[in-house]
Amino acid sequence: MLSSGYYRTLLPANMDLYIPVLGLHYLHPLVTSSLLMWLIRVDGPAYNSSELSATHWPLLPFALSVVFMAFLYLPFRYAWKVLPFRAVLQKPRHICSMQATKSSQIQVFLAEIFSPEDEGPVANSEKKCKSFCSFYKNLMPDEKNLFLQVLSKSYGVHHARVIQISKNMLNSVEEKISILKAEEQLHHALIPRYKMLFTNISRIEGGVKFLVDMRGDLIHALTQSGVNQGNLHLRVLNYTLKDLLVLWFSVGLLNLQRITWQSPCDMVQKISQYEAVHPVRNWTDLKHRVGAYRRCFVFIHNSMPREPVVVLHTALTNEIPSSIHSIIKSPMRRSTSIETFPLEEQSVENMNQISTAVFYSITSTQKGLQGVDLGNYLIKRVVRELQIEFPQMCNFTSLSPIPGFKEWLIKEITKSIQKYQSGEGLEMSLFSTVDVENLKSYFDLSSLSGLEQLRKMLQLSSWANDEHLIKLLERPLMRLCARYLYVEKRRGYALNPVANFHLGNGATLWRLNWLGDMSPRGLGQSCGMMSVHIYLSLFLSTISLSFFLSLSLCVILPILW
């Protein structure tokens, strides 16, 4: 690198043009050297500033611009050394080593947790359980995935021990006592080592809630990884944890509680926060849902006293409603005449005007309890409670959304379009001849362009703005929705998850409500339709058993037209 002394030996006596360049030496020597050598090569040693030619003048702005850029370079260079984004940009370079380091830390920690001292005093076991919970809670999401993988692979079933015990059983076939002893040993060997840890964690304060949340993380990890050989250990961990939660959250250990506006504030807030079917818009809306002619019931677990496990919203009416807008005041895409019950205007309930209970929203609040059947027991428990409170009540129904119908319908229309484009001809399995004739003033369903136009209109929900088109689409869409609920299956069960839930509870698919939910959410899910399932108390067990044994759906035929 050139020094400032070397510059002085090269520069002429008159240095007015080169002074800005010399200043750059203290900013970036490489830039200074290059620029200075270029200037000397252009001017030569006999340069005289009083006789500055036209070719020299452009050099001065250039030199000044370089100085300006150098001053910009200094703060950037400082920021690169000091500010944290440098570490972010350089993170990929070290990510493998960081993961390896974290993996080793997790392995060392789990080795301490599962050390033989677990068989010692109870206090020591409780200390390790609290340490396990604290360590896991402080991990980042990707670190939690790594933690669960190490836990499931290293502390599951001891396969070598299982094989050895099995060999011992084969060698002692004729000795009864030896066989029984070997069976007991095999039973204990087949239990994953982390199962005892989970049992101990459930005994400490907040332990059950921790395990529920940890299973939620586990389900998320399994969803991300998909079905492959690499997550077999995670799936075994999931099954083990689920089996424990099924026992701990059996219906006999859950308490039924009604939520009102006078309930603790944190409970009321969680009811609003967890609502997934019909989101709560504001406090006024929430107050309406727990007020007169409404019932909000929750299941509470003793280990999670201020945490609702399942939430069921019920409306008390004098008839089965045809629209969700008569129960909750939700924004609609289009204005329509929606019936309102005069019962809501009264602050004091009149028991003689209540004949129907409408279950319009049920939400499982804990992701970690996925697959633990609680909603079924909650509905049946609420039915008994309402029968005691209102002996004259005769109708128990659900007003349910139909998620997935619109997506299914658009896929079916797309299949018909693709078949036509491949030269197979246009199928008319979706729409009857009468439907084609009635809708020909809007689009020709017997042609490719007509189907494409209908598909676009369904995707945008623009049909909901045309009163005449709404009437024309009612019959074909209702029939297709009935087909989606009753005919379309996945592994023998109904394709629609909401229908599976109610039919599995022993309910009967009774009616479809056209324009039942004209909110943007309702139009996006089911073209504005809702389903009504009726709960017949005397036949719930029979219908439910028939559904699970023979996969038969109990449906009242008029909905199929």
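Computed from the coordinates by the stated procedures, all read-outs in this text should not be read as laboratory data. If you're wondering where the values come from, they're calculated on a predicted model, not measured in any experiment. Positions of Cβ are backbone-derived with ideal geometry, glycine not excepted, and every protein chain shown enters the neighbour counts.
Taking 18 Å as the straight-line reach from the Cα of Lys489, the lysines in range (excluding those fewer than 8 positions away in the same chain) are Lys406, Lys411, Lys415.
Cross-link pairs exceeding 18 Å in C-alpha to C-alpha distance, out of Lys130/Lys195; Lys209/Lys270; Lys287/Lys329; Lys102/Lys127; Lys181/Lys242; Lys102/Lys128, comprise Lys102/Lys127; Lys181/Lys242; Lys102/Lys128.
Treating only the Cβ atoms of Lys and Arg (+1) and Asp and Glu (-1) as charged, compute the dipole magnitude of the range 363-493 about its Cα centre; round to the nearest 20 debye. Mind showing how you got there, number by number?
On the way: 18 positive and 15 negative charges, 106 e Å.
In debye, rounded to 20, the range 363-493 gives about 520.
Would you mind putting 215-222, 513-520, 380-387 in packing order, based on average other-beta-carbon counts within 10 Å, highest first? Before the final figure, lay out each step's value.
On the way: 215-222: 19.2, 513-520: 21.1, 380-387: 16.6.
My ranking of the peptides, most packed first, is 513-520, 215-222, 380-387.
Taking K and R as +1 and D and E as -1, what net charge do the other residues with C-beta under 15 Å from the C-beta of Lys209 add up to?
On the way: positive: Lys130, Lys137, Arg203, Arg215, Lys270, Arg306, Lys367; negative: Glu205, Asp213, Asp217, Asp266, Glu307.
So the surrounding residues net to +2.
Compactness of the range 395-495 is given as radius of gyration and Dmax, 14.6, 52 Å, from Cα positions. Between Asn302 and Lys127, what FRET efficiency follows from the Cβ-Cβ distance if R0 is 25 Å, with the result rounded to 0.05? Here the calculated transfer efficiency is 0.60.
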